Structures are given as structure tokens and as C-alpha cells.
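Below is one structure, written out as C-alpha cells, with a few remarks after it.
Readers should treat all values here as calculations from the given coordinates under stated rules, not as data from a laboratory. Note that the coordinates shown come from a computational prediction; the quantities given were computed from them, not determined experimentally. When we count neighbours, we look across all protein chains shown, and the Cβ atoms used for this are built from the backbone with ideal geometry, even at glycine.
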Amino acid sequence: MAAGATRIVLATRNEDKAREIEAVLSSEMPGVPLQLLSLRDFPHIGEVEETGDSFEENAVKKAKFTAKETGLICLADDSGLEVDAIGGLPGVKSARFASQNGRNSDDAENRKKVLRFLEGVDHSKRTARFRCVIALATPEGIVKVKEGIVEGYITEGERGLNGFGYDPIFLYPPSGKTFAEMSPDEKNTVSHRGRALRAMIPEILEVVRQGRSDSENPRRVTAGN
Ligand code: IMP
């Protein structure tokens with residue numbers, strides 16, 4: 001780590017998401033001394049329940065809680081897939097779409113459930129989008145929110161081995177590939193997460209700059225103030 005690097009904690013236990021966020025931040029902010037941490041580095045911090053009705057609500061809740069618990073600048077992502085033919089499902093329930101009887105579902109079960117719902121639905125009606133909301137929170141109470149969306153189609157079967165979650169069934173029309181057929185860099189260039197993060201870069205630079213000037217000029221409370 002560079003001396004004086006600013007520490008930013010990513011409020012996720014999802015390693016795939018953390019990898020994508022790290023890749024985008026390091027390519028978009030070269031030369032900015034950052035040390036990226038994740039919740040792995042803070043095993044004592046409990047789980048934030050994602051009970052909100054929107055990605056924004058969940059992302060802001062995770063970011064504020066984690067910034068408060070760690071005393072560090074925090075970035076939180078809440079994201080998922082919205083399929084038009086089934087009224088926008090799985091949406092905020094993307095991670096647990098096929099859960100049953102209190103048992104959490106895995107990615108393969110979730111994908112299977114989406115494909116089952118869309119059986120017999122024509123390609124033109126298989127429109128879907130990934131949506132990602134990134135929230136930035138500081139221990140001082142600053143909160144910023146950015147959203148990224150990518151439009152595509154649900155395939156009829158799984159294609160590709162890269163990525164995670166719904167990537168093998170999400171077709172990105174301009175490339176003719178599913179997200180799971182793209183390299184990590186290709187996906188990050190067009191993905192919902194890449195777009196939300198790139199929109200957040202100016203805000204990240206601002207809080208990093210602010211933190212630095214605070215530490216260079218610590219506020220002194222003098223007698224009489
Ligand atoms: P979260 O941890 O509640 O935000 O859950 C997000 C869920 O949405 C993940 O478990 C995935 O199933 C899905 N998801 C979000 N982003 C992606 C992506 O980039 N590719 C594939 N699936 C995603």
C-alpha cells in the first residue's frame with residue numbers, strides 16, 4: 001500500500017462483485033493512492049438485512065451502516081436483474097429468487113427459475129435489464145448515490161462460463177454475447193456496475209481529497225471557540 005493511501009471499504013461479502021468493483025476503480029483512478037478493503041477484513045461486522053423495496057434503499061442502508069461501524073469511507077452495491085415478461089422480477093430479490101422453505105437458493109437455481117418462467121416466450125418479449133445502485137457513505141454522514149443500467153435479453157439457455165449470477169442467461173445485443181461469454185474487462189466496460197461506478201468516480205475523488213486536506217490540516221479546537 002502507498003504511504004498515506006485512503007482506505008475505502010466495499011460493503012459486500014460477494015467476492016465476484018468485489019473483484020469487479022476493484023477492477024473498475026483501479027483502472028478508472030490510476031495513481032490515486034487507495035487501499036480497498038472488504039467486509040472480509042471486518043469479520044466482527046454483522047450482516048445488514050436487505051429488506052428494502054428498492055436497490056437504492058438497500059445500498060444506502062449497507063453503506064451508512066458499514067461507514068459507521070468501520071469509521072471509513074464505504075461503497076455499497078445493490079443490484080439485480082429485472083425481467084419485463086414477469087413484471088420486473090426477480091428485482092431486489094435477485095439473490096434469493098428460487099429460495100424455498102427458508103433455504104437460500106444458489107445462482108444456478110435462480111437462473112433455472114427465470115428460464116422456466118420464460119419458457120415459450122418469444123425472443124422479442126424476453127427483454128431485461130441489470131440495474132445497479134452504488135452508495136457512497138462517509139463516517140461524517142455524507143451519502144451519494146449513483147445508478148447504472150444495462151439493457152438486454154434473456155437467452156433460451158445458458159451460454160458462457162465467466163462472471164456470476166445471471167450472467168450466462170443475459171444477452172448484451174451490441175456484442176451478441178452473454179455477459180458470461182465476455183472477458184471481465186468487456187463486461188465492466190458496459191455493465192450496470194461499471195456504469196454506476198464510473199458515475200461515482202468524481203464523488204469518490206472529492207471525499208478522498210476532503211479526507212486528505214482534513215488530515216493535513218486537522219481542525220484544532222482552541223480555547224474560546
Ligand atoms: P445483492 O447482493 O442483493 O445485490 O444481490 C445481487 C444479485 O443479483 C446477485 O446475487 C446476482 O444474482 C444478481 N446480480 C447482480 N449483479 C449481477 C451481475 O453483474 N451479473 C449477474 N448477476 C448479477
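Mean residue ellipticity at 222 nm, helices only, the chain: -10500 deg cm²/dmol; runs of at least 4 DSSP H residues each add -39,500 (n - 2.57), and the sum is divided by the number of residues.
So which of LYS146/LYS177; LYS62/LYS177; LYS61/LYS113; LYS112/LYS144 end up more than 30 Å apart by C-alpha? Too far apart for the 30 Å limit: LYS62/LYS177; LYS112/LYS144. Under a 5 Å amide H cut-off, with hydrogens placed 1.01 Å from N, THR178 pairs with TYR172 among residues at least 5 apart or on other chains.
Each peptide in 40-47, 203-210 gets a packing score, the mean of other Cβ atoms within 10 Å over its residues, and the list from highest to lowest is 203-210, 40-47. In this structure the amide hydrogen of SER38, modeled in the peptide plane, comes within under 5 Å of the amide hydrogens of LEU10, none closer than 5 places in sequence on its chain.
Enter the Cα centre distance for the pair segment 43-89 and segment 128-144, rounded to the nearest angstrom. That distance is 8 Å. Taken one residue at a time, the phi angles of segment 58-65 give Karplus couplings (6.51, -1.76, 1.60, θ = phi - 60°) of 5, 5, 5, 4, 5, 5, 5, 4 Hz. Gly and Pro are set to x.
Put the Cα centre of segment 106-124 next to the Cα centre of segment 164-180 and the gap is 14 Å.
On a per residue basis, the convex hull of the C-alpha atoms belonging to segment 6-216 measures out at 116 Å³.
Pull out a ≥ b ≥ c, the square roots of the eigenvalues of the alpha-carbon gyration tensor of segment 35-113, then state rounded if a/c is under 1.5, prolate if not and a/b is larger than b/c, and oblate in the remaining case.
On the way: a/c = 2.50, a/b = 1.84, b/c = 1.35.
Prolate, because a/c is 1.5 or more and a/b exceeds b/c.
Springs join every pair of Cα atoms under 10 Å in this Gaussian network model of the chain, and among ALA63, ALA18, ALA137 the largest mean-square fluctuation is at ALA18. Prolate is the label for segment 117-198, because the ratio a/c of its alpha-carbon gyration tensor axes (a ≥ b ≥ c) is 1.5 or higher and a/b is greater than b/c.
I need to check one value: relative contact order of the chain, counting alpha carbon pairs closer than 8 Å and at least 6 residues apart, in percent. Intermediate values should be presented prior to the final figure.
Numbers: 401 pairs, mean separation 40.8, N = 225.
Relative contact order here is 18 percent.
Close amide H pairs (under 5 Å, H built 1.01 Å from N) link ILE73 with VAL9, residues at least 5 positions away or on another chain.
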